[in-house]
1. Largest first, what is the accessible-area ranking of F180, F144 with a 1.4 Å probe?
2. If you count only protein heavy atoms with a 1.4 Å probe, what accessible area per residue comes out for the stretch 60-188, rounded to a whole Å²?
3. For Y57, which sequence-distant residues (separation of 5 or more, or a different chain) have an amide H within less than 5 Å of its own amide H, given hydrogens modelled in the peptide plane?
4. About the Cα centre, and with charges only on the beta carbon of Lys, Arg (+1) and Asp, Glu (-1), how big is the dipole of the stretch 144-191? Nearest 20 debye, please.
5. For a label point 7 Å from the Cα of N154 along Cα→C-beta, name the residues of the stretch 122-147 whose backbone N is under 20 Å from it.
6. Determine the order of L159, L94 by accessible area, beginning with the largest, at a probe radius of 1.4 Å.
7. Share of the stretch 55-133's accessible area from carbon and sulfur, percent, 1.4 Å?
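The values are calculated or read from the model by the stated rules, or taken from the named source; none is laboratory data. Because the structure is predicted, anything quoted here is derived from the model rather than measured. Note: ideal-geometry Cβ built from the backbone for every residue, glycine included; neighbour counts use all protein chains shown. For the accessible areas, the whole protein counts, side chains as well, though only heavy atoms, and no ligand, DNA or RNA atoms are used. Shrake-Rupley method; radii C 1.70, N 1.55, O 1.52, S 1.80 Å.
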Amino acid sequence: MTLASLFVAIFFSVLLFLSGCSGVSSEVQAGRNALQTGRANDAVGSLAEAAAVDPNYKIPYRVQVSVLAYLGRAYLETGKDTEARRTLEKAVELDNDDPLAHLYLGIAMLKTGEIERGRKEIEAGLRAIDDTLEYIQRDLVFGFYWDPNMQIRNDVRKLLAINPVNDQLISESERIGAEFDEEIDKARRDEGRGRSGGGGSGGGGGS
């Protein structure tokens, strides 16, 4: 192979890699949008396709949630609890610091009958959400955009304090998980406006 041929081969390999990354990113975002608008079946399609290409993919934002965590949530919302648990176990194995992976794994475990461990995983996910928001708020420039009214953190702390029955724990955890995911986008938008001089004083969700 000549040097020119080698460069051409490398160039096209890089193009294919970048194209694949772009495709995964757009499929994950489509899946997130579907979850946020109540279209879980559509979310499964987009997220399963993305996960098949790159199961290690995480959204490239301040809070990096994995494609497998989102896919697990989508499976839960379509009643596929066994598939959800298998997917979320893999998500936690790949990234033990993903709060939503732990949260939804716990929900999947409760739904498939593993009560004690499921509750522990949910509690771990809830605490990780609280810790993540507390850590981000220490950023004196943009931290105030995240959970500005402390609604998510207060809901987490109230839920952890009352030791609810399983059904309530599941429903409240699902609500908090969805709000936390939406907060990622709300805060990003407000941060962007702040950087561009649009100002704003903590419009990042949590209302």
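1. Details: F180 0, F144 85 Å².
Per-residue accessible area, sorted high to low, gives F144, F180.
2. Numbers: 5760 Å² over 129 residues.
Dividing the accessible area of the stretch 60-188 by its residue count gives 45 Å².
3. Under 5 Å from the amide H of Y57: V67.
4. Working: 7 positive and 12 negative charges, 43 e Å.
Here the stretch 144-191 has a charge dipole of around 200 debye.
5. Under 20 Å, as judged by backbone N against the label point of N154, lie 126-138, 143-147 of the stretch 122-147.
6. Working: L159 10, L94 75 Å².
Correct descending sequence by accessible area is L94, L159.
7. Values: 1370 of 3250 Å².
Of all accessible area on the stretch 55-133, carbon and sulfur atoms account for 42 percent.
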